[in-house]
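Peer 1: Structure provided below as structure tokens; questions to follow.
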Amino acid sequence: MSIDHYENFPVASLLLPRRLRGAVTDIYRFARAADDIADEGSATDPERLAQLAAFRAELHRIGAEPGTPPAPGLPPLADIFAPLAQTIARHQLPITPFYDLLSAFEQDISVKRYEDYTTLADYCTRSANPVGRLMLHLFDASTPQNIAESDAICTGLQQVNFWQDVRVDWHKHRVYLPQEDLRRHGVSDEDLAACRLTPEWRGLMAFEVERTRALLHFGAPLARRLPGRIGLELRMVVQGGLRVLERIEASGYDVFMNRPELGAKDWAIMLWRSIK
């Protein structure tokens, strides 16, 4: 398990029922390919948006004309959308979460700062929460309580990714730390650029880590409520996010030079916490 962008959910994991591994892979392939369009390579912003527009057109086609073949494009759209269309039809998945993901990828291209936590959380509702909601649909578990707790887990994992990747995102000209939080704690863009590990920075990160931890704890009962292997898988995912937060704290909030990576000891701790 990697607590990374669009890798915070199981991909054909052995803990998943065999009948669902293909469906999860199809969802992941869509999210990963679209995310790479927004983030990777040397394409211009208009080129990236044009490629994502092609993805949006394919989603329209799946909804309106499910029998027609995908249009040619890069990456090859048929490789992504032909199996995805079958998965959506077979499992009666809602198509809105896929549109929400595309909206978040498009936003990544044009929005580089978030004024307050409300706007950041809105982004997470589209960049992360749709994955959890699709997983709940696959497991026929889309109750209001499950959705609320899934959203908390997914938003929490997304924020874990933000806090561990402050330096990486800075080099992409992105700052996910809310601007109002930076101002309140007295941290400037110059501090971020210089990787200054000041008391103000530590205070800011302690605040963000604690808020994110609260989200993961709010969502954790879902992992105990879901049965069998998927429940264990989700408990491991939640514990992975919590463990990264612990590692951030243990480093004195130095995510600039000490990006947390989970090793064998961490996995053992996560497993013990998941099964006890």
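The values are calculated or read from the model by the stated rules, or taken from the named source; none is laboratory data. This structure is a prediction, so every number in the text was calculated from the model and none was measured. Cβ atoms come from the backbone with ideal geometry, glycine included; neighbour counts cover every protein chain shown. All accessible areas refer to the heavy atoms of the entire protein, side chains included, with ligands and DNA or RNA removed. Shrake-Rupley method; radii C 1.70, N 1.55, O 1.52, S 1.80 Å.
Peer 1: Out of the residues in segment 218-228 that are open to solvent by 80 Å² or more (accessible area, probe 1.4 Å) and touching a residue at least 12 places away in the same chain (Cβ under 8 Å), which is nearest to the chain's Cα centre (by Cα)?
Peer 2: Result: 218.
Peer 1: Answer yes or no as to whether residue 131 is surrounded by 15 or more Cβ atoms within 10 Å (Cβ to Cβ) and of a type in the set (A, V, I, L, M, F, W, C).
Peer 2: yes
Peer 1: Got a sec? Which helices (runs of 4 or more DSSP H) wholly within segment 155-223 have at least 1 residues that are of a type in the set (Lys, Arg)?
Peer 2: Hits in segment 155-223: 166-171, 179-185.
Peer 1: Kindly establish whether residue 118 is open to solvent by 30 Å² or more (accessible area, probe 1.4 Å) and without any contact (Cβ under 8 Å) to a residue 12 or more places away in the chain.
Peer 2: yes
Peer 1: Tell me, please, whether a residue that is in contact (Cβ under 8 Å) with a residue 12 or more places away in the chain, touching a Ser or Thr at 6+ places or on another chain (Cβ under 9 Å) and surrounded by 15 or more Cβ atoms within 10 Å (Cβ to Cβ) can be found in segment 245-257.
Peer 2: yes
Peer 1: Further, regarding this structure: If the requirement is being in contact with a Ser or Thr (Cβ under 6 Å, 6 or more places away or on another chain) and either over 17 Å from residue 245 (Cβ atoms) or of a type outside the set (S, T, N, Q) (or both), which of these qualifies: 186, 156?
Peer 2: 156
Peer 1: A further question on this structure: Residue 122 - would you say it is under 22 Å from residue 219 (Cα atoms), of a type in the set (Asp, Glu), assigned to a loop (DSSP other than H, G, I, E, B) and out of contact with any Lys or Arg (no Cβ under 9 Å at 6 or more places or on another chain)?
Peer 2: No.
Peer 1: Are there any pairs, at least 6 apart or on different chains, whose C-beta atoms fall under 7 Å, with the first in segment 184-208 and open to solvent by less than 30 Å² (accessible area, probe 1.4 Å) and the second polar (S, T, N, Q) and modelled with pLDDT of 95 or more, and if so, which?
Peer 2: 191/198
Peer 1: Kindly list the number of the only condition in (1) touching a helix residue (DSSP H, G or I) at 6+ places or on another chain (Cβ under 6 Å); (2) of a type outside the set (Lys, Arg); (3) open to solvent by 10 Å² or more (accessible area, probe 1.4 Å); (4) assigned by the TED database to the domain that holds residue 46 that fails for residue 96.
Peer 2: Every condition holds for residue 96 apart from (1).
Peer 1: Looking at residue 231, is it open to solvent by less than 40 Å² (accessible area, probe 1.4 Å), without any contact (Cβ under 8 Å) to a residue 40 or more places away in the chain and part of a helix (DSSP H, G or I)?
Peer 2: Considered against the rule, which asks whether it is open to solvent by less than 40 Å² (accessible area, probe 1.4 Å), without any contact (Cβ under 8 Å) to a residue 40 or more places away in the chain and part of a helix (DSSP H, G or I), residue 231 comes out as yes.
Peer 1: Which of the residues belonging to segment 14-23 are of a type in the set (A, V, I, L, M, F, W, C), closer than 18 Å to residue 228 by Cα and either modelled with pLDDT of 90 or more or open to solvent by 40 Å² or more (accessible area, probe 1.4 Å) (or both)?
Peer 2: Correct list: 14, 15.
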